[in-house]
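Trainee: The structure that follows is given in the form of structure tokens.
The values are calculated or read from the model by the stated rules, or taken from the named source; none is laboratory data. All figures in this text were calculated on a predicted structure; none of them were measured in a lab. In this analysis, Cβ positions are derived from the backbone assuming ideal geometry, glycine residues included, and neighbour counts consider all displayed protein chains.
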Amino acid sequence: MLDIRHIRDTPDTVKSRLALRGDGLASVVDDVLAADTERRANETRWQHLQAERKRLSKEIGALRAQKQDSSALEEESKKIGAEMESLQQASVVAETRQRDLLLSLPNLPHEEIPPGADASANPVLRTWGTPPEIKDPQDHMTIGARLGLFDPERAAKISGSGFMCYTGSGARLERVLIQFLLDLHTRDHGYTEMSPPFLVNRATMTGTGQLPKFEEDLFGISHSDLFLIPTAEVPVTNFHRDEILPEASLPLRYAAYTPCFRREAGSTGRETKGLIRMHQFDKVELVKITAPGNSAAELESLTADAERVLQLLGLPYRVIELCAGDLGFGACRTYDIEVWAPGQNGWLEVSSCSNFGDFQARRMALRYKGTDGKNHLCHTLNGSGTALARLYVALLENGQQPDGSVHLPEILHPYFGAARLGPA
RNA sequence: GGAUGGGUGGCAGAGUGGUCGAAUGCGCACGCUUGGAAAGCGUGUGUGCCGCAAGGCACCGAGGGUUCGAAUCCCUCCCCAUCCGCCA
């Protein structure tokens, strides 16, 4: 959520920054300002009347205590009450409208990020590693089927398309990757491990920005007003919703493994092959809560922590920066990490690391008490560390051998208990 | 799911219709006192909104109602505790 004061004070600046994301947002800003003006006018008038009524009520109380007639004052107070009633109704309408509009506005892109309308304008910041030379590389689905690592047909039978069931050593590899990632981030990178609920309420989804605008992307639970989380970002960031943290406790760094559930409405036919886009996938997520002055540096180290996953696994990757037009709803700056996938002959996004500034913090009233004694909004960040299904794709496709087996990166050997995946 | 008891400031805990934004205690901050400390004494100590400011207004789990006036009475909902049922 954007700061209404900022919009009020410099509406043209806000409009021009929002225009970087696309057209049509300037009129929303005007609507917000109109609702804000109306709301404040009603509120101010209401407050004056309330002060007057409080005074009258005290007089009435005093008169009654002395057994004197107070009916004239009571009449007057009643009249004031009637006007207050209509003012309040108008004020609530304006306030609701203002809030709804504010909740629908995306974050302002950071000043330093590249302009551009879509993904084609995203610059590549750096590339790591060299894609392996593989003759006639196979797709991960082919490899998985041959080695018996998962069973897409039966997964579709029990749940539908877009779900996967890992089997045997394939299931073991999935579990092992979770363990490896959590160990890395908690032991080496200083994150605190969290294991949050996978179902959350509406307020939580609103806090991180999934609601009210993107309900169609979520799986909801009938008769309960709960939603399946699309990422651990949601429960973990909201862990501190409505709190005022001591400044000395910042930054907070959390790592959490959860499954992620996404409707992926409207994405059928796009990257739907195999494990790449699923309704349910596993992910280890990194979340940070910082003071405003540190969030830029924390985004760099967060991205480095995610990159380290691929470095340790020896998987070639590149880091791109999202241009203003490609930025997610709540983010002000985002780096995507893409791993090389020989079977796709292309790059696969395995991590998206974003700084949200105070956008989420304002929605969820997440603040810290500064050394100046005042309360300030925190900054929030998160990034995948990393998505498991696509990492799995990369491991199979980069590790495939001419003999049909898959060599695993050395660092996984003690976790997995073997150096390779062979025929079942 | 059923029954009962509860949700008040950082914590504990008063308050059942008017001067209560809220006693008291603890904690915390500052000051006095002291060679230093403890004790003691004094002062202060929530959040948000409106306003250039002075200041005003709101908030006692949430929302609605009754009333001239609600922390206090009524209704609905949420949450917590305990017991029962059920269950991993």
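Trainee: Of the residues A:94, A:72, only one is more than 10 Å from RNA strand B (Cβ to nearest atom), small (Gly, Ala, Ser) and either touching a residue at least 40 places away in the same chain (Cβ under 8 Å) or surrounded by 15 or more Cβ atoms within 10 Å (Cβ to Cβ) (or both); which?
Mentor: That would be A:94, the only listed residue that is more than 10 Å from RNA strand B (Cβ to nearest atom), small (Gly, Ala, Ser) and either touching a residue at least 40 places away in the same chain (Cβ under 8 Å) or surrounded by 15 or more Cβ atoms within 10 Å (Cβ to Cβ) (or both).
Trainee: Can you pull out the residues in the stretch A:365-383 that are more than 12 Å from the chain's Cα centre (by Cα) and either closer than 30 Å to residue A:274 by Cβ or surrounded by fewer than 24 Cβ atoms within 10 Å (Cβ to Cβ) (or both)?
Mentor: A:365, A:367, A:369, A:370, A:371, A:372, A:373, A:374, A:375, A:376, A:377
Trainee: Picking from A:265, A:256, which residue would you name as being among the small types (Gly, Ala, Ser), touching a helix residue (DSSP H, G or I) at 6+ places or on another chain (Cβ under 9 Å) and either in contact (Cβ under 8 Å) with a residue 60 or more places away in the chain or not assigned by TED's automatic domain parsing to the domain that holds residue A:388 (or both)?
Mentor: Among A:265, A:256, only A:256 is among the small types (Gly, Ala, Ser), touching a helix residue (DSSP H, G or I) at 6+ places or on another chain (Cβ under 9 Å) and either in contact (Cβ under 8 Å) with a residue 60 or more places away in the chain or not assigned by TED's automatic domain parsing to the domain that holds residue A:388 (or both).
Trainee: Now for a different question. Mind counting the residues in the stretch A:75-89 that are away from RNA strand B (no atom under 11 Å from the Cβ) and surrounded by 17 or more Cβ atoms within 10 Å (Cβ to Cβ)?
Mentor: 1
Trainee: May I pose another question? How about the stretch A:126-146: which of its residues are in a helix (DSSP H, G or I), within 21 Å of residue A:310 (Cβ to Cβ) and in contact with a Phe, Trp or Tyr (Cβ under 9 Å, 6 or more places away or on another chain)?
Mentor: A:140, A:144
Trainee: When you scan the stretch A:294-312, do you find a residue that is assigned by TED's automatic domain parsing to the domain that holds residue A:243 and in a strand (DSSP E or B), even just one?
Mentor: There is no residue in the stretch A:294-312 that is assigned by TED's automatic domain parsing to the domain that holds residue A:243 and in a strand (DSSP E or B).
Trainee: For residue A:111, work out the one condition from (1) closer than 20 Å to residue A:344 by Cα; (2) outside the structural domain of residue A:319 (by TED's automatic domain parsing); (3) acidic (Asp, Glu) it doesn't fulfil.
Mentor: Result: residue A:111 fails condition (1) only.
Trainee: Which is in a loop (DSSP other than H, G, I, E, B), in contact (Cβ under 8 Å) with a residue 24 or more places away in the chain and out of contact with any strand residue (DSSP E or B) (no Cβ under 9 Å at 6 or more places or on another chain), of A:21, A:17, A:8?
Mentor: It is A:21.
Trainee: Right, another one. Residue A:230 is checked against (1) closer than 30 Å to residue A:19 by Cα; (2) crowded, with 23+ Cβ neighbours inside 10 Å and fails just one. What number does that condition carry?
Mentor: (2)
Trainee: Which one is farthest from RNA strand B (Cβ to nearest atom), of the residues in the stretch A:348-368 that are of a type in the set (A, V, I, L, M) and either part of a strand (DSSP E or B) or under 30 Å from residue A:316 (Cβ atoms) (or both)?
Mentor: Residue satisfying both the conditions and the ranking: A:348.
Trainee: Got a sec? Which of A:58, A:67 is among the charged types (D, E, K, R), exposed (fewer than 12 other Cβ atoms within 10 Å of the Cβ), assigned by TED's automatic domain parsing to the domain that holds residue A:92 and within 9 Å of RNA strand B (Cβ to nearest atom)?
Mentor: Just a single option satisfies the conditions, and that option is A:58.
Trainee: Here's another thing I want to ask about it. Quick one: in the stretch A:313-348, which of the residues that are aromatic (Phe, Trp, Tyr) and within 16 Å of the chain's Cα centre (by Cα) is nearest to residue A:409 (Cα to Cα)?
Mentor: The selected residue is A:335.
Trainee: Among the residues of the stretch A:25-48 satisfying the criterion of being touching a residue at least 40 places away in the same chain (Cβ under 8 Å), in contact with a Lys or Arg (Cβ under 9 Å, 6 or more places away or on another chain) and among the hydrophobic types (A, V, I, L, M, F, W, C), which is farthest from RNA strand B (Cβ to nearest atom)?
Mentor: Restricting to residues being touching a residue at least 40 places away in the same chain (Cβ under 8 Å), in contact with a Lys or Arg (Cβ under 9 Å, 6 or more places away or on another chain) and among the hydrophobic types (A, V, I, L, M, F, W, C), the top hit is A:25.
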